[in-house]
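The block underneath contains the structure these notes are about, expressed in structure tokens.
All of the numbers you see were taken from the coordinates with simple rules; none came from a lab. Note that the structure is predicted; figures quoted are calculated from it, not measured. As a convention, Cβ positions derive from the backbone with ideal geometry for all residues, glycine included, and neighbour counts pool all protein chains shown.
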Amino acid sequence: MSLVLDKAQELAAAISDSEELGQLKQAAGRVDGDEAATDALKKFSEKQEMVQRAASSGLQLPPEQMEELQEMQGQIRDIPSIQDFASAQTCFNQLMDQVNQIISAAVMGREPGEGPDGHGHESSCGCGGH
């Protein structure tokens, strides 16, 4: 068991040192340092909480408020520092997905990318490679 935990520590260290995580942290720092981004995110979060509270209370919000929330979300997506963060987050998530696929495949005795039925696709992919 100790070997598994040692390898987990090595994996954690490798992820911590990865370019993807470094870029994600840098992008997060740029968002934190961008007053327009932090203000927009705060306002959006407050509006989103209001919408969620209303929904959990069974209240139907006017379409205008939902449109306002969607408009705020669109404005946030247009902020360059947030775009950079989203891109960095996507890259990091892809890395973590690949790590999880490798681990899952090894645990299940398959090659990475190989589906549960032994071919390179999910069993429901429709390719007929059962």
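Take Asp84 and tell me if it is surrounded by 11 or more Cβ atoms within 10 Å (Cβ to Cβ) and in a helix (DSSP H, G or I). Taking the combined requirement at face value, the residue satisfies it. Scanning segment 80-95 for residues that are closer than 17 Å to Ala12 by Cα and either of a type outside the set (A, V, I, L, M, F, W, C) or without any contact (Cβ under 8 Å) to a residue 12 or more places away in the chain (or both) yields Asn93, Gln94.
Can you tell me which of Glu10, Glu49, Glu67, Glu71 is part of a helix (DSSP H, G or I) and closer than 26 Å to Leu95 by Cβ?
Being part of a helix (DSSP H, G or I) and closer than 26 Å to Leu95 by Cβ holds for just one of Glu10, Glu49, Glu67, Glu71, which is Glu10.
Across segment 24-63, the qualifying residues are those that are in contact (Cβ under 8 Å) with a residue 60 or more places away in the chain and in contact with an Asp or Glu (Cβ under 9 Å, 6 or more places away or on another chain), and the one among them that is surrounded by the fewest Cβ atoms within 10 Å (Cβ to Cβ) is Gln26.
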